[in-house]
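Trainee: First the structure, then my questions, so here it is.
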Amino acid sequence: MFSLIAAGMGAMVALTDASSLVAAEVIRAGDGVTVANAELQEGDGPEVYDLFAGREVRRTVYVGQPITLDNTQPARLVTRNQVVTIKFIKGPLEISTSGRAMGDAALNESVNVLNLQSRQMVQGVVQADGWILAQ
C-alpha cells in the first residue's frame, strides 16, 4: 500500500514541476483550464485533463507554457466584496442572512464574511452553490 501511495505522490510531484499540458492559447488569470485552451504534449492521455478539471490559472499563461498544479488553483466560487448568503444550520433550525465576502474562496474553503445586518464578522465554509455555512 505504501508503494502505491508513494507512486501516486511521485506522479503528483512530476505534474507540479513539469507538465505535459501546455497552453494552446493565452489563458488569463482566473480563467479555467479546458480542453479548448490547453493541449497535451509528450503523448499523455486525456486523463491529464481530469487532473486539471475545475481549476483556474493563478497568473496569465502564454501559448506553449506548461500548465502545472503549482500555477493553478481550485475555481473560486466566492470573490472579495461579493454579496453572499450566510446560513447557520443546527438541526431543524436554519437562519439565513446576507453578507459581504472579505476574501476569495473555493469550495470547502473558509472565508470571513461581514454580516450586513449586524455588522459582525462571521467565518464560514463555502458550499457548492456559493453560499456560506456559518460556523
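Trainee: Restrict the check to the range 73-81 and report whether at least one residue is touching a Lys or Arg at 6+ places or on another chain (Cβ under 7 Å) and at pLDDT 95 or above.
Mentor: Taking the range 73-81 as the starting set, the residues that turn out to be touching a Lys or Arg at 6+ places or on another chain (Cβ under 7 Å) are 73-75, 81.
So of that shortlist, the ones also at pLDDT 95 or above come out as 81.
Within the range 73-81, one or more residues are touching a Lys or Arg at 6+ places or on another chain (Cβ under 7 Å) and at pLDDT 95 or above.
Trainee: Still on this structure, I have one more. Residues to consider are 67, 95, 89; find the one that is among the aliphatic types (A, V, I, L, M), surrounded by fewer than 11 Cβ atoms within 10 Å (Cβ to Cβ) and at pLDDT 90 or above.
Mentor: Numbers: 67 fails: surrounded by fewer than 11 Cβ atoms within 10 Å (Cβ to Cβ); 89 fails: surrounded by fewer than 11 Cβ atoms within 10 Å (Cβ to Cβ).
The unique qualifying residue is 95.
Trainee: I would also like to ask the following. Which strands (runs of 3 or more DSSP E) does the range 62-135 wholly contain that include 3 or more residues that are β-branched (Val, Ile, Thr)? Can you show your working first?
Mentor: Details: elements: 72-74, 76-78, 83-90, 93-101, 110-115, 121-126, 132-134.
Fully inside the range 62-135 and qualifying: 83-90, 121-126.
Trainee: Within the bounds of the range 103-118, is there any residue that is within 30 Å of residue 22 (Cα to Cα), touching an Asp or Glu at 6+ places or on another chain (Cβ under 7 Å), surrounded by fewer than 17 Cβ atoms within 10 Å (Cβ to Cβ) and not aromatic (Phe, Trp, Tyr)? Can you show your working first?
Mentor: Looking only at the range 103-118, we keep the residues that are within 30 Å of residue 22 (Cα to Cα), and these are 103-109.
Still in the running and touching an Asp or Glu at 6+ places or on another chain (Cβ under 7 Å): none.
The answer is no; no qualifying residue exists.
Trainee: May I ask you to list the residues in the range 70-86 that are surrounded by 15 or more Cβ atoms within 10 Å (Cβ to Cβ) and farther than 20 Å from residue 131 by Cα?
Mentor: The answer is 71, 72.
The values are calculated or read from the model by the stated rules, or taken from the named source; none is laboratory data. The model shown is predicted, which means the values in this text are computed figures rather than measured ones. Cβ atoms come from the backbone with ideal geometry, glycine included; neighbour counts cover every protein chain shown.
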